[in-house]
Each structure stands twice: as structure tokens, then as C-alpha cells.
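Everything on this sheet refers to the single structure shown next.
The values are calculated or read from the model by the stated rules, or taken from the named source; none is laboratory data. All figures in this text were calculated on a predicted structure; none of them were measured in a lab. Virtual Cβ from ideal backbone geometry, glycine too; neighbours counted across all protein chains shown. Ligands, DNA and RNA are excluded from the accessible area calculation, which covers all protein heavy atoms including side chains. Shrake-Rupley method; radii C 1.70, N 1.55, O 1.52, S 1.80 Å.
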Amino acid sequence: PVAEHLQELLDQTIYFCDIVDEPRILTRELRPGSVVLLENLRFHSEETSNDANFAAKLELIGDLYINDAFGLVHREHASVHALAEIFTHKNKAFAGLLIEREVEALTKILMSSRRSNTVAVLGGAKVKDKIVLIENIARRCKDILIGGAMSYTFLAAKGIDVGNSRVEQDKIKVAKELLQLCANNNVEVHLPLDHVTAAEFSEDAEVVVTEDAAIAEGYMGLDIGPKTQALYASIIKEASRVFWNGPMGVFEWDAFAGGTRAVGESLKECEGYTLVGGGDSAAATHQLGFAEFISHISTGGGASLAFLEERTLPGLVFLSRYR
């Protein structure tokens, strides 16, 4: 009966919760070749607070520590940071194969120079999420292509009308400073030349394509327009290395997926090294069907950004290869 099955699942969940308090139980009867899977450790507040005592309990389970969860290396959590620190004192804390591939891929972007014709494609909603990234890649990129909702804050910073588009008013000054920083570093920042707009945020809204970068009052930008798509595609195709993070529009709705699709299609035609930085960008590559043509798709959106910002990553500092 369904009720009995649900009760079995409930009992099992409680059992796993109790096991974390008595981790030796897990390995006492473990046979060679067997695998033990713990429940999601984030169910425990000690995990997210990086509790050393919680990590010490987990340490009793095994003899070696291997972290292969790249999407978590930017988080200072007990199983990611405190546990690795315990094992590093035994020289038994290591990175898994996925983390090695991620670090190698992202390092190719960090080792770029403008002479290598590296291009960054940045989209998404918020300028504040990309401030440090732009500051850092301004020393490495020849071109930065900006789309998504964050582009309207940059356009507003240049005095261009963006109608009812989303604008971070408190980041307009920052946007101006970032544009100046890039200019000082001889990095060309490309902003949308035209837009796909609508009067309301709706999948079925009537689409209006602007003639230029300005958006009329009463309309909001929801994707980059065809002129911008063509320009961005031409730049991407000629690049030797491309880093892409953030969709160009509301790609979940077909009417506003053209910009994101154009970036993906141009990455297919680019003969250089192409890297997609996780999150919505990775989802778009799969949804729109061009994932197989990308050199590397990161499994960690936040982690990949933190790496390219050259922040200290808590999940890597105690792993033998990256100490």
C-alpha cells in the first residue's frame, strides 16, 4: 500500500538523519566496493555554518577526502571547507576529476590576453553580480558583449532611454565607472543596438522590435534585437576564446529567445575555445540544443564567476593540488 511505502521512506529519512550523529555505523559493516550515500547535508544548519564539530563527525566515516562538487567550492560549508581542512593535515584531501577539468577550463580564460582575441559575453539580470568580474576580465578581453536585463542599466548610464525596462538605479554610477575602466584598458564594450520589446512581461505579449538602442516609454526590453544579434555573432565567430555567462533575454519564452539562440549558434561556428559559465547560460545551451558544440560547460554558475573574479575559493584552499 502507498501509505506503508511512504512510511518506509519517512523512516529511512529519519534513519539517515540519525546516522550523521553516529557516522561509524555507516562503515562498520561496509563491504569492499560498496557505496554509502548520505542525505543532503544542507538539511543540517551545522553544514552551512561551517561547523568544525559537524565536520569532525563526518571525518570518522572515511580515510580520504575527495571533493568533486565544483558548484559548491565557493561556499564555506562544513563538508566543503572544514572537513577538507581536517584531511589536509593528513595530506589526504584531494580534488576530483570534475574539479580538475573545471579549473583547467577556467584557467584558460584567466590566462588570456587581449592579443589572443578573447571575448566575454555577459548577460543576466543584475550589474551588481558582474562588477568584480568585469573589473577582472577588463585586463584580459578584447571585447565585452553585454545583453540581458543588465544591459539596460548600462544604456541608462549612457543617457539612452530604456522605457520601462529593468534598471538598477543604484548601480548607474557603477556602470559608468565600469565603462570608463574598460575604455582605459582599451576594451570595447558592446551594448545592444536594438531590442525585442513588449508592453508587458508576458510570454504572449505583442512583440515590438526597436529601430535603435532607445526603448519607447511603456515598453520594456526582453531580448537583444536582430542588429545586435548579428553584431555579437560576428565578433564571437572570430574569437580565439569566448567566455559566456548570462542569457541575452527571457530565453524560456520563444518570442524572446532569439538573442540567446544567436549567441549559441555563433559559438557553434567559433573555431576557438568556448566556455559557458553555468547557471542560466548552461540551461540555455541544453534547452536550445547547442550544448554538444561548446568546449566546456561549467557545472557551477556562482563558482565559475568566483574563480574568474580570482576570489579565494573555500572549497579549493585545502585540496592538495591547489594549496
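What are the extents of the Cα atoms of the chain along their three principal axes, in Å, largest first?
Principal axes ranked by extent give 70, 53, 38 Å for the Cα atoms.
Could you work out Rg/(2.2 N^0.38 Å) for the stretch 197-311, with Rg from alpha carbons only?
After normalising by residue count via 2.2 N^0.38 Å, the value is 1.12.
Show the residues, 5+ positions off or on another chain, whose built amide H is closer than 5 Å to the amide H of GLY96.
Distant-sequence amide H within range of GLY96: ASN67, ASP68.
Whole Å is fine, so just give me how far the alpha carbon centre of the stretch 177-194 lies from that of the stretch 197-224.
24
Enumerate the amide H contacts of ILE297 below 5 Å, restricted to partners 5 or more residues apart or on another chain; note that Pro and chain-start residues carry no placed amide H.
Here VAL276 satisfy the definition.
If I model a spin label at SER49 and HIS89 as a point 7 Å from the Cα along the Cα→Cβ vector, what separation in nanometres do I get?
The answer from the label model is 2.1 nm.
For VAL35 and VAL208, calculate 0.36 nm times their separation in residues minus their Cα-Cα distance, and state this gained length in nm to one decimal.
56.7 nm
Any chance you could look up the accessible area of ARG101 with a 1.4 Å probe, heavy atoms only, rounded to 10 Å²?
130
At 0.36 nm per residue, and after removing the present C-alpha to C-alpha distance, how many nm does the segment from SER320 to LYS126 gain when stretched out fully?
Here the segment from SER320 to LYS126 would lengthen by 66.3 nm.
GLU271 versus LEU110, label points 7 Å from Cα toward the beta carbon: distance in nm?
Here the modelled spin labels are 3.0 nm apart.
Restricting to Cα pairs below 8 Å that are 6+ residues apart, what does the relative contact order work out to for the stretch 99-165? Please round to a whole percent.
34
Which helices, taking whole DSSP H runs in the chain, have alpha carbons extending 24 angstrom or more along the helix axis plus mean Kyte-Doolittle at least -1.0?
2-21
Starting from the Cα of LYS158, step 7 Å along the direction of its Cβ; do the same at ALA56; then give the gap between the two resulting points in nm.
5.8
Once you keep just the Cα pairs under 8 angstrom separated by 6 or more residues, what percentage relative contact order results for the chain?
Relative contact order comes out at 18 percent.
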